[in-house]
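Every read-out reported here was derived from the displayed coordinates using simple, explicitly stated rules and does not represent laboratory data. All values derive from a computational prediction rather than experimental measurement. Using ideal geometry, Cβ is built from the backbone for each residue, glycine included, and neighbour counts are taken over all protein chains shown.
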Amino acid sequence: MIALLCLPSFVALAVSSQAPVPAAVRDSCEDVSVAAAARSLLQSQNAHTGTRTPHRYAVTKKVVSSKIRFVFFAGLEGTGHHFWQEMLRRLSISHSADLSQELFNRRHGPGLFSSSDEQVREASAEHVVELMSEMQKNLSSAPGCNVVALNVGGITRPSGMMSYPNFGGRDRMFQNPDMFTLAKLAEAAGIDLRIVLLTRQPASLVQSELDRSYEKDLSHAVRKVSMTLSLLSEQLDLLDPAYVSCWSYEDPGARISHLLSFMGLCEEDSDHARKIIKEIYKPSNHSSRSNSLRESLDTGFQIHEHLLAKWCA
């Protein structure tokens, strides 16, 4: 099956294409809007059933820019969203409240990740692409390198941190971002998306859940961490590895030079970034209880090790 997406700024984007696109079909794309492309992308998500191989991804990264990049911080609750919020306040980062709200609007609001209504999600997808394209156009004349934080930067209401999951409530296990859809929309908008995977030892995440009363008991916290890690891992496995890099809560400064470059912060000095880290980082102190969780958290540990091996090596 070929899902052909006609874009105004480039000829066409074919998702899961196994055959060349005829010239006549390409020519027919010229008048299709970015919004229509976004709608087609979202509608094709459930239709895509192609088999993946190590050299073929559900979304291939085609847009690369040395001038403007959009960054999403993807991680479970407790993996460092608040740390990065403070970090970004001290770095040269742009943010769009309208774009963040279009991605996630409260627990059940009309956002791409927050709504359970497919028609609302399609409308949000169109708006996301339009806002991304508009922001890139506005920044194109700005000097130097420009980075747009899609989450954690700027005011976080009503979007929250867009963690996995985002916000509380009885349906919180369904309130998660979707990196697969976000990557497809980024390609439709013609923007360079970068995903920073936030990692932390699962036992510390469980303890953090209990300390903040996010889960009522140890069993629920263990299941929540394991299931949400699995969801995030599966989403990232659909993507071209060029989209993703990682940051470790346990060793916040280890990859900072690489991350600054990956995110597009070309004018930021790594020594300055390390100084900020020393000022704001709060290490975990959950080791005493965490050691007893190994057996019950085995699924979560295995997924965590997979994430580290694939994205943090």
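Which percent of the Cα-Cα distances in the range 68-311 go past 25 Å?
Beyond 25 Å sits 41 percent of the P(r) for the range 68-311.
Place the peptides 128-141, 145-158 in order of packing, highest mean first, counting for every residue the other Cβ atoms within 10 Å and averaging per peptide.
The most tightly packed comes first, giving 145-158, 128-141.
Hey, rough spin-label estimate for VAL120 and THR299, points 7 angstrom out along Cα→Cβ, what's it come to in nanometres?
Going by the 7 Å Cα→Cβ label model, 2.9 nm.
Label 7 Å along Cα→Cβ of HIS272; the range 75-89 residues with amide nitrogen under 17 Å?
86-89
Taking a cut-off of 23 Å between Cα atoms, list the lysines near LYS61, but don't count ones fewer than 8 places away on the same chain.
In chain and number order, the partners are LYS137, LYS184, LYS310.
If amide hydrogens are placed 1.01 Å from N in the peptide plane, which non-local residues have theirs closer than 5 Å to the one on ALA74?
Here the answer is VAL196, LEU197, LEU198, since their amide H atoms fall under 5 Å of that of ALA74.
Mean separation of Cα pairs under 8 Å and 6+ residues apart, divided by the residue count of the range 68-311: what relative contact order is that in percent?
Reported relative contact order: 27 percent.
Using alpha carbon centroids, what distance separates the range 105-139 and the range 148-204, in Å?
Here the answer is 13 Å between Cα centres.
Output ³J(HN,Hα) for the range 160-170: one whole-Hz value per residue in order, computed from phi by the Karplus curve 6.51 cos²θ - 1.76 cosθ + 1.60 with θ = phi - 60°, and x for Gly and Pro.
So the Karplus estimates, Gly and Pro as x, are x, 8, 6, 7, 10, x, 10, 6, x, x, 5 Hz.
What order, most packed first, do the peptides 237-247, 193-203 have when packing is the mean number of other Cβ atoms within 10 Å of each residue?
Descending packing order for the listed peptides: 193-203, 237-247.
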